[in-house]
Amino acid sequence: MHRYVLIIFLFSSSQSIAQHTKNIEKTPFTFYSLRSATNFATKIEKSTEDIIFQMIFKQLPEYNLSFKKSNYETALNNIEKSSNSCLRNIIKTSEREKSFLFSKPQTLFLGLRLYYNPHLPPSRIQEIKGLPLQKVFDIDNKLTIGIEKGRAYGSKLTEQLDSLPHANKFFKVGSDGQNLMIYMLLKGRFDMMFEYPEVMNYKRKQMSSNDQLYSASLPNMEPLIFGRIACSKSESSKKLLSKIDKILTNIYKSEEYKVAHLELVKDKNQVIFNQLYNNFLNDLKNK
């Protein structure tokens, strides 16, 4: 009699342990970051995106996350094959929405500016500064603009770039395109390129460039750009992104979130960013 009770007890206990183990199993997810994203960070300096990424996922203990670096094409191929994978900090476009589900904005960036080759005559820069692209090339059809192949410039700007003659475009393909593009602009390989102020300031410091660099914001360009988390189209991704969105909503107003951005926004750009950040918060209230 006692023997049967013991067997039943052991069987029941093993069931309970197995059930408990199953309950605490973490959902696996793979997160890809583009190699160019590391341009923001060095071994001793975390990027804005890194800081905010950690703010999010320290609140998701039920997930087992693994991290990989990749170029965009490889990450896209892998995400399309996996129901539990995401790409960090990319811009949402109508084309990308065909492949990804997107989170709310994760990181905020001052909008792209058009930077001019520092070796151009100052009189030429002043003549074309701030003009729509088409008018720039109407004034001087020998000018060239550097374009990073595969980069998302936003629908309005992409439309303008597509309309330009091919002869006026300098294309660069590659996972380290961002670094090379900035380096080539500073060396005078082409005459103009679009870049984020935070990125340009950071990379110029790394490259020890002291050249006077002029830039302008063009008409109809977005003043604030959002980097988002993009995940595979699956039910598990929907569940994860729903939790991420709730976390983001809670941390937008935190001092830590704002300071993480101001680490890369320097000088007079801080005033501009603060105003746009307040507008962003007010827009959230009105939704």
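The values are calculated or read from the model by the stated rules, or taken from the named source; none is laboratory data. The shown structure was predicted, so the numbers you read here are calculated from the model rather than taken from an experiment. Glycine also receives a Cβ, built like all others from the backbone with ideal geometry; neighbour counts cover every protein chain displayed. Each accessible area value is taken on the protein alone, full model and side chains, heavy atoms only, with ligands, DNA and RNA left out. Shrake-Rupley method; radii C 1.70, N 1.55, O 1.52, S 1.80 Å.
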Which one is least open to solvent (accessible area, probe 1.4 Å), of the residues in the stretch 130-172 that are farther than 15 Å from Phe190 by Cβ and of a type in the set (Val, Ile, Thr)?
Thr158
Considering residues of the stretch 245-280 that are assigned to a loop (DSSP other than H, G, I, E, B) and open to solvent by less than 30 Å² (accessible area, probe 1.4 Å) only, the residue modelled with the lowest pLDDT:
Leu264
Between residues in the stretch 104-133 that are free of Cβ contacts under 8 Å to residues at least 24 places away in the same chain and residues that are of a type in the set (A, V, I, L, M) and buried (at least 18 other Cβ atoms within 10 Å of the Cβ), which pairs lie under 6 Å by C-beta distance while being six or more apart or on different chains?
Ile128/Val136
Determine whether Leu101 is touching a strand residue (DSSP E or B) at 6+ places or on another chain (Cβ under 9 Å), at pLDDT 95 or above and aliphatic (A, V, I, L, M).
yes
Candidates Ser232, Ser217 - the one that is open to solvent by 40 Å² or more (accessible area, probe 1.4 Å) and either within 30 Å of Asn77 (Cβ to Cβ) or modelled with pLDDT of 85 or more (or both):
Ser217
Sole exception among (1) modelled with pLDDT of 85 or more; (2) over 23 Å from Pro219 (Cα atoms) for Asn179, by number:
(1)
